[in-house]
Amino acid sequence: MEYNIFLQISALLAVTVGLAFIIKFLKQPLLAAYLAAGLVCGPLFLNLLDGGTNLYQAFADFGVVLLLFVIGLDLNFSYLKKIGKTAVSIGLWQFALNFILTFPLALSFGLSLKGAFFLSLAACFSSTIVILKLLNDKQDEESVYGRYTIGLLLVQDLISIVILTLLSFSSVSNVLSGSLAGLLAPLKAVVVILFIVLAAKFILPFILERIAASGEFLFIFTVAWCFGAAALMYMAGFSLELGAIAAGLSLGSSRYHLEIGSRIKPLRDFFLVIFFVILGSRADFSDWQHVIIPALLLSVVAIIVKPFILYNLFRARSFTRRNSFLAAVASSPLSEFGFIILFAVAASGYLSERELSIFTIAAIITIFSSSYLIVYSYSLYEWCRPFFRLFGRDRYQQPEDNKENFEAMIFGYHRTGQPIVAALKKRKMKFAVVDFNPDNVSMLVKGGDRAFFGDASDIEFLEALPLSKAKIIISTIPSPEDQAILFNYVRSRNKKAIIIASLYNKKYSERLYQAGADYILLPHILSGAWLAEIIQKGGMEDRTAWRRLRRKQSVNL
């Protein structure tokens, strides 16, 4: 049959979707479906990826670049600073101890010294994608254990950046050789890094201020900057992976980073599907006895040994048994960063396919098992509590810190939103405004008010907002479709909030009430009722009264 890349990708996606239904039914992260699809579509079964290797590799590279760009974008150093030295200390100790215990085991698999080294290194990371998704589903991100688990992931992200940097300079022998190209390499690197730093400080804010109002323009500029910066770093001698992280970091301090992330993630997810499918397809089972058993042993280390290390590290830092247990259990799934590191090293010719096969099988096992462990971690702790009581009463206590919460969230500042904000200030209510106009957001921030820039119809963006504890949600967004999406999301997270909507056409009112609105403002009805009240009071012919109302109106125009 004539080779056709379109048919291959269509078949690959069909298999992936089919497996995704099964994985979703089993309440598993979709990452497991992507890896399983790779096993099914690879040489072991359907062999759908035969031919077009370079194209699939390019797709995989796109996925890695976009994944690392979003990670760089989301790296929150102020968050790491907030939870202090504790998370950094625990993260570094966990990584070191995990590596020390895993390396001899990897050598016992019969791997080369380099193979055992990099496989052990990859096994030290925990999956950011899986853990954050499950914590978000449980709404545990701001619990004590949730905050420190995220802090641990941030530390691992920073370690991965260091590793990728070292891998970028693995050809340092060129520099030491004394050749002209080798001597110029450090100079090129310095120039490119300096350009990205200066662009992040002076050029990018200027551009973003002028394009943020257009979602499409913001998206295409972000993609261009991501790939452009990564390409520049690559030309300077760094890896594409490190260039992608640098591109993300350069935009991470922007007030538009939430909106940028929400627009990039769907594109990232598509290419990541291809990346993980390719990884799954590269699992070699020709010598399955030397793959399955090592993968099972590596899974035991990830599911039992790594949590045991973390539990004791948290306890040594005076965390309660409960928080230590929950944070330790959440760390078990092997990471996408492990794949990226192994993939990069394998591309350099330092690894065989066996290390990737072992890691792929171990990752599928740990993702499956850890998903249930994290979802049911509270019940699991209650089941283990009698065992913990054998060691006496817990000496440590920790109060749960509250997430940044607001009594009121206003979506849309222009026109209707302005007097609402003024009234909330007079009432001294804690509020935040969400708006898609960068000028409004800038004005609010400069005035000392809390404001978020983003699209209220974007679920990825809404997930980053503190909506679960809000007492009242007020929407002045003109689009009924966007309001319906917003209200459905709010109701899924906060059933007690009072939701006030606004509409210019009453035909959509029933739809918004079904989405969860408590009351809908209809301006034409309100204005008619207001004018009728004036007529009843006999003030229609009082020109002075109308002038007073006009002066009051001009303030809001």
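Things worth noting here:
- Mean Cβ count within 10 Å, highest first, over the residues of peptides 258-267, 214-223: 258-267, 214-223
- Neighbour counts of C-beta atoms inside 10 Å place F118, F391 in the sequence F391, F118, starting with the fewest.
- Segment 476-541 versus segment 332-346: alpha-carbon centroid distance in Å: 50
- Shown is the FRET efficiency for K506 and A96, computed with R0 = 56 Å from the Cβ-Cβ distance and rounded to the nearest 0.05: 0.30.
- Potential extension, L521-E353 segment - 0.36 nm per residue separation minus Cα distance: 54.2 nm
- A simple spin-label model places the labels of W546 and K496 4.9 nm from each other, with each point 7 Å out along Cα-to-Cβ.
- Between D269 and Y376, the FRET efficiency estimated from the beta carbon spacing at R0 = 25 angstrom works out to 0.40.
- Extending 7 Å from the Cα toward the beta-carbon at both E481 and I459 defines two label points whose distance is 1.6 nm.
- Global size of the chain as Cα Rg and Dmax, reported in angstrom: 27.1, 97
- The mean sequence separation of alpha-carbon pairs under 8 Å and at least six residues apart, normalised by the residue count of segment 184-244, gives a relative contact order of 40 percent.
- Estimated from helical segments only, the mean residue ellipticity of the chain at 222 nm is -21500 deg cm²/dmol, where each DSSP H run of four or more residues counts as -39500 (n - 2.57).
- Centroid-to-centroid separation of segment 347-365 and segment 201-270 [C-alpha atoms, Å]: 30
- Gyration tensor (alpha-carbon) shape descriptor, segment 248-343, a/c threshold 1.5: oblate
- The mean sequence separation of alpha-carbon pairs under 8 Å and at least six residues apart, normalised by the residue count of segment 5-386, gives a relative contact order of 31 percent.
- The angle between the Cα long axis of helix 523-537 and the main principal axis of the chain comes to about 20°, on a 0 to 90 degree scale.
Only the coordinates and a few stated rules stand behind these numbers; no lab work does. Nothing here was measured: the structure is a model prediction, and the numbers come from that model. Positions of Cβ are backbone-derived with ideal geometry, glycine not excepted, and every protein chain shown enters the neighbour counts.
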